[in-house]
1. Would a scan of region 275-289 turn up a residue that is farther than 16 Å from residue 138 by Cβ, open to solvent by 60 Å² or more (accessible area, probe 1.4 Å) and touching a Gly at 6+ places or on another chain (Cβ under 8 Å)?
2. In region 439-457, which residue that is open to solvent by 20 Å² or more (accessible area, probe 1.4 Å) and not in a helix (DSSP H, G or I) is farthest from the ligand (Cβ to nearest atom)?
3. Does residue 214 fit the bill of being surrounded by fewer than 18 Cβ atoms within 10 Å (Cβ to Cβ), at pLDDT 95 or above and among the aliphatic types (A, V, I, L, M)?
4. In the list 62, 44, which residue meets the criterion of being among the β-branched types (Val, Ile, Thr) and crowded, with 24+ Cβ neighbours inside 10 Å?
5. Output yes when any residue across region 374-385 is more than 16 Å from the ligand (Cβ to nearest atom), under 30 Å from residue 303 (Cβ atoms) and either β-branched (Val, Ile, Thr) or part of a loop (DSSP other than H, G, I, E, B) (or both), and no when none is.
6. Just one of the numbered conditions (1) within 16 Å of the ligand (Cβ to nearest atom); (2) out of contact with any helix residue (DSSP H, G or I) (no Cβ under 8 Å at 6 or more places or on another chain); (3) open to solvent by 10 Å² or more (accessible area, probe 1.4 Å) is not true of residue 336; which one?
7. How many of the residues in region 192-206 are within 15 Å of residue 246 (Cα to Cα), in a helix (DSSP H, G or I) and either within 25 Å of the chain's Cα centre (by Cα) or of a type in the set (S, T, N, Q) (or both)?
8. Would you mind finding the one in 436, 406 that is on the phi > 0 side of the Ramachandran plot and either within 16 Å of the ligand (Cβ to nearest atom) or of a type outside the set (Ser, Thr, Tyr) (or both)?
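The values are calculated or read from the model by the stated rules, or taken from the named source; none is laboratory data. Computed from a predicted model, the values in this text were never measured in an experiment. Every residue, glycine among them, receives a Cβ derived from its backbone with ideal geometry; neighbour counts consider all protein chains shown. Please note that ligands, DNA and RNA were not included when accessible areas were found on the heavy atoms of the full protein model with its side chains. Shrake-Rupley method; radii C 1.70, N 1.55, O 1.52, S 1.80 Å.
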Amino acid sequence: MKRIFLLISSVALLSTCHPPQKSPGLTLQSNPFQYTIQKRIVCINGSVVSAHPLASKVGLEILKEGGNAIDAAIATQLALAVVYPAAGNIGGGGFMIARLSNGQLLALDCRETAPGKAGRDMYLDDKGNVTSKSINGHLASGVPGTVAGLFASLKYGRLPIEKLIQPAIDLAEKGFVLTESEARSLTFLQNDLQKYNSVPPVFVREKWKAGDTLIQTDLANTLKRIRDHGLKGFYEGKTAKLIVEEMRRGGGIITLDDLKNYTAKFRDAHVFDYKGYKIVGMPMPSSGGILIHQMMKMIEDKNIASMGFETPASVQLMTEVERRAFADRAKYMGDADFYKVPEKTLVSDEYLRERMKDYKEGVAGRSDEVQPGEFPQKESTQTTHLDVIDKDGNAVAITTTLNNSYGCKTVVGGAGFFLNDEMDDFSAKPGVPNLYGAVGGDANAIAPGKRMLSSMSPTIVLKDNKPFVVAGTPGGTTIPTSVFQILVDILEFNMSTEDAVDKPKFHHQWLPDVLDIEKGFDENVNSSLQKMGYKTKQLGSIGRTEVIRVLPDGRFESVADNRGEDDAEGY
Ligand code: DON
């Protein structure tokens, strides 16, 4: 049983349903209030899994007070914006996949947009080289979408925004106590805070320690404006003015009009069948849904179950489909409102069969030999994920991000929140890799109002048209491959949810031609893969996956990733 006792000052809730079943964790402090980090919970009424225990507990309380999964997801996301400033956000954007109790599927796109003054070559210097301005500082920020997304989803909830946002306001106003790793992360940020802020934000302190209380008054006031004025509390009025003033101080280009014109969009979810399951994911501008569809279909007839989990044969097969899917991502994927993405062809059986024709068992493929598929084109490092499910059959998966940890490192002066550096997800120059090594071209070139291509992949699997698995993770380009592995582990290898979440992951993204393997990956399998010709590289960790699975008896099994202080709540 993993239990980490933490000191908290504003939310004191202790709730377990069935005890979690993981190894004992570290004991920090337990006074005056304490809460536990739960890595696994099985329950019947409803459950929330997120990257922070305080946020999961906020969601749980909303469920208990009569909110549905949408309400709980909104409240959890708002709480994350306070207690998890590295990634939880109101200054970023993201995606939501939901399945409502009436069977309706939602795919909500609140991805950032390029500001009106953005241009294709805006990150190139005089010599045509890509600068770091798409990553750090004011120019890196796209127009934030998260708040618009929350309001767009509100109509599917039951509770008013006043109720859903209040826990976040309380956490910002009264503060919460930092854990060791949160303190370390904020201390590590100090140089960047100095560099990219002229108005010193509340996060500035020479050294943060575990046990320090982080009070965010400016953020609390911004949240109150959102509570009192709705969308206008963020996209117009004082908050918008503060954002634009911040832009002026640091050479950013977001204008009052950019903010006022931002809209979240409901899109048709990307849905496909896999051996009797329905897999529901995000369409463009996230590459996640199509990549996962391509990868699952390329393994479907290969009897991967007989190869076993993380054997040389299964890892090789999965690596090769990852390589092929990512080659297509680089050439064909981008905001479909701006670029004709050949979505149907990319997932057609015929095309995917053709893609796998040169697959050779036991021999590493080569990215210089695997190019994006050819066909006539005429057819019509911080993010956070949360899952919620309720007893009425509503299920929600949300992935949101500032992109890099703490986004562009600029906090809006007087408004207290970090801005994203999502502009880096565009292709600043054809073929030049971004922060996550992803390359792209025309499909994902910068244009005013366009959404940058994402890898975020909130995913719901339906069995007999009812929620079966709710999943997602942060991790940049490793997101679709991690979700792919979760699906294969559960649907093909019959693995326990905990193993699917916690066992080492691997990742290939076509370019660079390297197979990333996570620390803990079996050394024998690694050397077999190297003998086949794979160049492998060990990474410290890949993703932080949250999964809710509905058990055969209808109970919810929720698992929070062991790689962070992620937490599963339920009742
Ligand atoms: O949208 C994307 O694909 C990236 N901005 C996600 C970044 C991310 O996951 C960072 N987290 N580890």
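1. So the first thing to find is which residues in region 275-289 are farther than 16 Å from residue 138 by Cβ, and the list is 275-289.
With open to solvent by 60 Å² or more (accessible area, probe 1.4 Å) added as a condition, the list becomes 275-276, 278.
Now drop any that are not touching a Gly at 6+ places or on another chain (Cβ under 8 Å), which leaves none.
Within region 275-289, not a single residue is farther than 16 Å from residue 138 by Cβ, open to solvent by 60 Å² or more (accessible area, probe 1.4 Å) and touching a Gly at 6+ places or on another chain (Cβ under 8 Å).
2. Among them, the one singled out is 448.
3. Numbers: surrounded by fewer than 18 Cβ atoms within 10 Å (Cβ to Cβ): no; at pLDDT 95 or above: yes; among the aliphatic types (A, V, I, L, M): yes.
Considered against the rule, which asks whether it is surrounded by fewer than 18 Cβ atoms within 10 Å (Cβ to Cβ), at pLDDT 95 or above and among the aliphatic types (A, V, I, L, M), residue 214 comes out as no.
4. Working: 44 fails: crowded, with 24+ Cβ neighbours inside 10 Å.
After ruling out the rest, the residue left standing is 62.
5. Going through region 374-385, the residues more than 16 Å from the ligand (Cβ to nearest atom) turn out to be 374-380.
Now narrow it down to the ones that are under 30 Å from residue 303 (Cβ atoms): 374-375.
Filter once more, keeping what is either β-branched (Val, Ile, Thr) or part of a loop (DSSP other than H, G, I, E, B) (or both): 374-375.
For region 374-385, residues more than 16 Å from the ligand (Cβ to nearest atom), under 30 Å from residue 303 (Cβ atoms) and either β-branched (Val, Ile, Thr) or part of a loop (DSSP other than H, G, I, E, B) (or both): present.
6. (2)
7. Restricting attention to region 192-206, the residues satisfying the condition of being within 15 Å of residue 246 (Cα to Cα) are 193-201.
Cutting the leftovers down to in a helix (DSSP H, G or I) gives us 193-196.
Then keep just the ones that are either within 25 Å of the chain's Cα centre (by Cα) or of a type in the set (S, T, N, Q) (or both); that gives 193-194, 196.
Looking only at that region, the number is 3.
8. Working: 436 fails: on the phi > 0 side of the Ramachandran plot.
None of the others qualify; the one that does is 406.
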